[in-house]
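Inspection log for the structure reproduced underneath, given as structure tokens.
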Amino acid sequence: MTPDLILTNARILTMNPACPRAEAVAVSDGRIIAVGNRAEIERMALSDTEVIDCGGSTLLPGFFESHLHLFFGGAELAHLQLTHVEGEDALARAFHAFAAANPDAPLLMAQGGHYAILDHPMTRHDLDRIIPDRPIAICAHDHHTVWANTAALRVAGILEGAEMPHGHEVVMGADGLATGELREFEAFGPVIAIGGEKRPNLGIATGEEPSPWPSEAEQAIDRAKIANGLAHAAKHGITSMVNMDGNHYTLDLLRGLQAEGKLTARVKVPFHFKPHMDLSALDRADAMTRDFDDDWLTSGFVKMFMDGVIDSGTAFRLDSYPGRPGYHSEPLFPGPRFNEIATEIDRRGLQIAVHAIGDGAVRTTIDGYEAAQKANGKRDSRHRIEHIEMIDPSDIPRLGALGITASLQPPHAPGAMDFALYPALDTIGADRLKDAYLCRTLAEAGAPLAFASDWPVTDISVMRGIGAALTRPAYPGASDERVPLMQVLHAYTAGGAWAAHREHVTGTLKPGLAADIVVLSGDIEATAPDKIGEMDIALTICGGRITYDGRGS
């Protein structure tokens, strides 16, 4: 087999234990055909082989993003971004400039506002002072809360409140009207819909399919949003991803992009199971698994939310929240109910991924996985827990013992990247910091690691994520949770592929696997940990095709 592409003069970290380092790699027809030293690989070149000199830079398997939200992440690229915006004056300036640039937008939507962006809890009145006559809204950085002004609440039809499913809330004020704070996806769904983004929200809010089915023109609009998200991911070296929300429609859109030659990453999409659903709804998960099963588009797993987030007090904790005696929040799936659901999903041979942030939610999830294993027998399930921002010490060894993957996001830890230490650490509580945002501790206890950004919750940049994992601060009274470089890289490549049951396709550089490759702008092993986040992506290659070329930028 003759190569159509050779990448040489590289410091290659293959993530293949049998051949961990190399200098060059040869590619033919989208697959790796040889990995080895520079001289032997270069001898394979023919007159029509493209040869790329990597200049001594690090070359890795393409990054495997284990947890993101591609559809609404792509849509949000057009929204106002509030990262590092602080205080009412700065917020007003940002909104006024965005409003002037978007005079016809039905909703002025902002992303990345944190819970302490003002010096008091935000209400619709705060936003009314900024822009009273057009609908505006701010999505919290964790995407679990939206704040809307009066105009947005009125257009959405929820100014006077609305009945919501368990765990979702339109917060009401003493005046009998909504305060502007909307907790969880179904509560703020009506506001998001003003901006024409109801369909991207469906996969995470309700798990249902769009009805009526979108026209071809509407589908083209949605495919363009996903294509924007894919291009953004390629710019950051991502060649595979687990999209942690979705439905059959999402996969249909991706299949459409594939037919157009515009699918630039391998995507795994779940069926999203909600508390109101009957077990028979899992037939839809089976159908998605059946309909999408190739090297590019797959399903085969079920996503669930066990709780919310710490900042809004919706994460389910075993102890009380600081300053709120007796308040723990509660799980979206009570333990016995989750045990039943997990057992049935596992019986069908599907993987499970559960958002669990509070230690109560984590324990409930572990208990459910254990119940499934007892009922169905041990198999290669690779069930996952997403986030694990708090965990009781007694539950730590259970992850490794049950084979549960810790799907973690290094950028989420307060102080590691864009999220401030406070008020987050106060909300956790000083006596619980030793149990919060564990990473190295979980790995040392035997839990497989898969790393991700949770984009658009945080910056999608894998390089910044690697830097966050290497440099995050130790919290007062807590252990050092930094992870060594090679382990971090593994969690962003081979570890992610394994956690998604895709290691037979990608994740390592060895003959026969897909030519999914990322070339960095320099030598990552020679770069100081606090400078890694500043490194760029020189090349992203997926299936042997260059999907991003940053060499001239």
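Does residue 531 fit the bill of being part of a helix (DSSP H, G or I), at pLDDT 95 or above, closer than 22 Å to residue 10 by Cβ and among the basic types (Lys, Arg)?
Yes: the conditions hold for residue 531.
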Pairing a residue in segment 172-194 that is among the aromatic types (Phe, Trp, Tyr) with any residue that is at pLDDT below 95, where Cβ atoms lie under 6 Å and the two sit 6 or more apart in sequence or on different chains, gives 185/204; 185/205
What residue, among those in segment 442-482 that are part of a helix (DSSP H, G or I) and small (Gly, Ala, Ser), is nearest to residue 533 (Cα to Cα)? 467
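Being of a type in the set (A, V, I, L, M), surrounded by fewer than 16 Cβ atoms within 10 Å (Cβ to Cβ) and out of contact with any Pro (no Cβ under 7 Å at 6 or more places or on another chain), is that true of even one residue in segment 58-65?
Scanning segment 58-65 turns up no residue that is of a type in the set (A, V, I, L, M), surrounded by fewer than 16 Cβ atoms within 10 Å (Cβ to Cβ) and out of contact with any Pro (no Cβ under 7 Å at 6 or more places or on another chain).
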Closer than 30 Å to residue 256 by Cβ and either among the hydrophobic types (A, V, I, L, M, F, W, C) or modelled with pLDDT of 95 or more (or both): which single residue out of 338, 305, 316 fits that description? 305
Regarding segment 319-333, can at least one residue be identified that is of a type in the set (Gly, Ala, Ser) and under 22 Å from residue 402 (Cβ atoms)? no
Residue within segment 513-528 that is assigned to a helix (DSSP H, G or I) and without any contact (Cβ under 8 Å) to a residue 24 or more places away in the chain present: yes
Verdict on residue 338 being in contact with a Gly (Cβ under 6 Å, 6 or more places away or on another chain), in a loop (DSSP other than H, G, I, E, B) and either in contact (Cβ under 8 Å) with a residue 12 or more places away in the chain or not charged (D, E, K, R) (or both): no
Looking at segment 452-473, can you tell me whether even one residue there is without any contact (Cβ under 8 Å) to a residue 24 or more places away in the chain and surrounded by fewer than 18 Cβ atoms within 10 Å (Cβ to Cβ)? no
Please verify whether residue 311 is acidic (Asp, Glu), within 20 Å of residue 285 (Cα to Cα) and either modelled with pLDDT of 95 or more or not in a strand (DSSP E or B) (or both), treating the condition exactly as stated. no
When only residues in segment 200-212 that are part of a helix (DSSP H, G or I) and in contact (Cβ under 8 Å) with a residue 40 or more places away in the chain count, which is farthest from residue 453 (Cα to Cα)? 202
Can you tell which of 129, 199 is crowded, with 20+ Cβ neighbours inside 10 Å and of a type in the set (D, E, K, R)? 199
What about residue 352, is it in contact with a Leu (Cβ under 7 Å, 6 or more places away or on another chain) and either crowded, with 24+ Cβ neighbours inside 10 Å or among the aliphatic types (A, V, I, L, M) (or both)? no
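Can you tell me which residue among 18, 34 is touching a residue at least 24 places away in the same chain (Cβ under 8 Å), surrounded by fewer than 18 Cβ atoms within 10 Å (Cβ to Cβ) and of a type in the set (Gly, Ala, Ser)?
Criteria check complete, one pass: 18.
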How about segment 144-166: which of its residues are assigned to a loop (DSSP other than H, G, I, E, B) and within 13 Å of residue 126 (Cβ to Cβ)? 149
Do we find a residue being crowded, with 17+ Cβ neighbours inside 10 Å, at pLDDT 95 or above and basic (Lys, Arg) anywhere in segment 285-295? no
Hey, residue 500 buried (at least 23 other Cβ atoms within 10 Å of the Cβ) and either polar (S, T, N, Q) or closer than 28 Å to residue 4 by Cα (or both) or not: no
Looking for something under 27 Å from residue 306 (Cβ atoms) and within 24 Å of the chain's Cα centre (by Cα) - is there at least one such residue anywhere in segment 146-155? yes
Residue in segment 213-245 that is farthest from residue 496 (Cα to Cα), counting only those that are in contact (Cβ under 8 Å) with a residue 40 or more places away in the chain and part of a loop (DSSP other than H, G, I, E, B): 235
Just one of 388, 366, 428, 396 is without any contact (Cβ under 8 Å) to a residue 40 or more places away in the chain, aliphatic (A, V, I, L, M) and under 30 Å from residue 115 (Cβ atoms); which is it? 366
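Could you please find all residues in segment 187-240 being in contact with a strand residue (DSSP E or B) (Cβ under 7 Å, 6 or more places away or on another chain), small (Gly, Ala, Ser) and more than 25 Å from residue 518 (Cβ to Cβ)?
Correct list: 187, 195, 203, 207.
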Taking segment 372-414 and keeping residues among the β-branched types (Val, Ile, Thr) and over 15 Å from residue 441 (Cβ atoms) leaves 405
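The values are calculated or read from the model by the stated rules, or taken from the named source; none is laboratory data. Note that the structure is predicted; figures quoted are calculated from it, not measured. Note: ideal-geometry Cβ built from the backbone for every residue, glycine included; neighbour counts use all protein chains shown.
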